[in-house]
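A short worksheet on the structure shown next.
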Amino acid sequence: MRGKLIVFEGVEGCGKSTQIQRLRENLAQSASFQALQAQGIIPELLITREPGGTNLGLGLRRLLLDSHHDVVIAPRAELLLYAADRAQHIEEIILPALDRGSWVLCDRFTDSTVAYQGYGRGLDLGLIRDLNQGATAGLVPDLTIWLKLRVEQGLARAQRRGSQDRMEQAELAFHQRVQRGFETLAQQFPERRATIDGAQPADAVAAQINTIVHDDLAQWYKPFLAT
Ligand code: TMP
């Protein structure tokens, strides 16, 4: 059986990385996930991210996020660099993993391009849809978890982490437009999307995500799981 792609999305500092690790820990302790692994149905659980999930992507990530070099990136060039990162990531990592039956937990995916380059930079949403479609070869996530957090709160968290990258340094209004992008996506395409209140304590967020993922897992793998 083909694997599953679970994506984590949200504004800066929303807690994606923490929650991806928490989900990994919870799945490692889950009886049903262990049973599927033991049967070889889910051979591995892979954690990856965009940009930067491949060697090419690491170079692109440095170009896109490093704020110390004097490279100017125009909005449309930025869009194409994120698309190039995704095309490589899909080809090299995500599709082969899904073909093996593995699960892929991905820190950001196509929704980020809609939110950041579409709503944030104001680029044409039709162009972004076409580029996302081209870069992913039509692959859509099985589940997207949106960690919803006020922009000010997320940026403050990101600031406490240390030096800010090129995107984090953008003005508050940019990040507020990005947030509107995530909100619009959640409203327009609620199917296969879960909205979680990211302002809750990390334990509560992790518990909610665990419940949602296990509900889906029970549906997806019904024939393989004993009742
Ligand atoms: P992060 O990995 O720490 O979340 O940083 C990735 C940054 O790149 C973040 O500011 C969001 C931004 N981004 C886009 O602008 N467009 C995209 O398509 C993706 C994947 C990320």
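So here's what we get for this one:
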item: Simple spin-label estimate for residue 216 and residue 77 in nanometres, 7 Å along Cα-Cβ; result: 3.6 nm
item: Pairwise label distance in nanometres, residue 133 with residue 65, each label 7 Å out on the Cα-Cβ vector; result: 3.0 nm
item: Inverse mean reciprocal Cα-Cα distance (Kirkwood Rh) of the chain, Å; result: 18.1 Å
item: Share of Cα-Cα pairs in the range 35-106 lying beyond 20 Å, as whole percent; result: 40 percent
item: Per-residue HN-Hα couplings for the range 100-116 [Karplus 6.51, -1.76, 1.60; θ = phi - 60°; Hz; x = Gly/Pro]; result: 7, x, 6, 9, 10, 9, 10, 7, 6, 7, 4, 4, 4, 5, 4, 6, 7
item: FRET E, pair residue 124, residue 166, Förster distance 22 Å, beta-carbon r, rounded to 0.05; result: 0.50
item: Order of exposure, largest accessible area first, which applies to 167, 1 with probe 1.4 Å; result: 1, 167
item: Distance (nanometres) between label positions extended 7 Å along Cα→Cβ at residue 47 and residue 29; result: 1.5 nm
item: Reduced Cα scattering model of the range 105-195, Debye log10 I(q)/I(0), q = 0.10, 0.17, 0.26 Å⁻¹; result: -0.27, -0.78, -1.46
item: Under 25 Å from residue 222, Cα to Cα: lysines that are on another chain or at least 8 residues apart; result: 4
item: Å² per residue, accessible surface of the chain at 1.4 Å; result: 48 Å²
item: Accessible area of residue 17 in the full protein assembly, 1.4 Å probe (Å², nearest 10); result: 70 Å²
item: Amide H within-cut-off set for residue 7, under 5 Å, with H built and near neighbours excluded; result: 106, 143, 144, 145
item: Percent carbon-and-sulfur accessible area, the range 4-200, ignoring ligands, DNA and RNA, probe 1.4 Å; result: 49 percent
item: Alpha-carbon Rg with Dmax, taken over the range 179-227, Å; result: 13.9, 42
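The values are calculated or read from the model by the stated rules, or taken from the named source; none is laboratory data. Every value quoted in this text rests on a predicted model; they were computed, and no experiment measured them. Cβ coordinates were reconstructed from backbone atoms using ideal geometry, including for glycine residues, and neighbour counts include every protein chain displayed. Areas reflect the complete protein model, heavy atoms only, side chains present, ligands, DNA and RNA absent. Shrake-Rupley method; radii C 1.70, N 1.55, O 1.52, S 1.80 Å.
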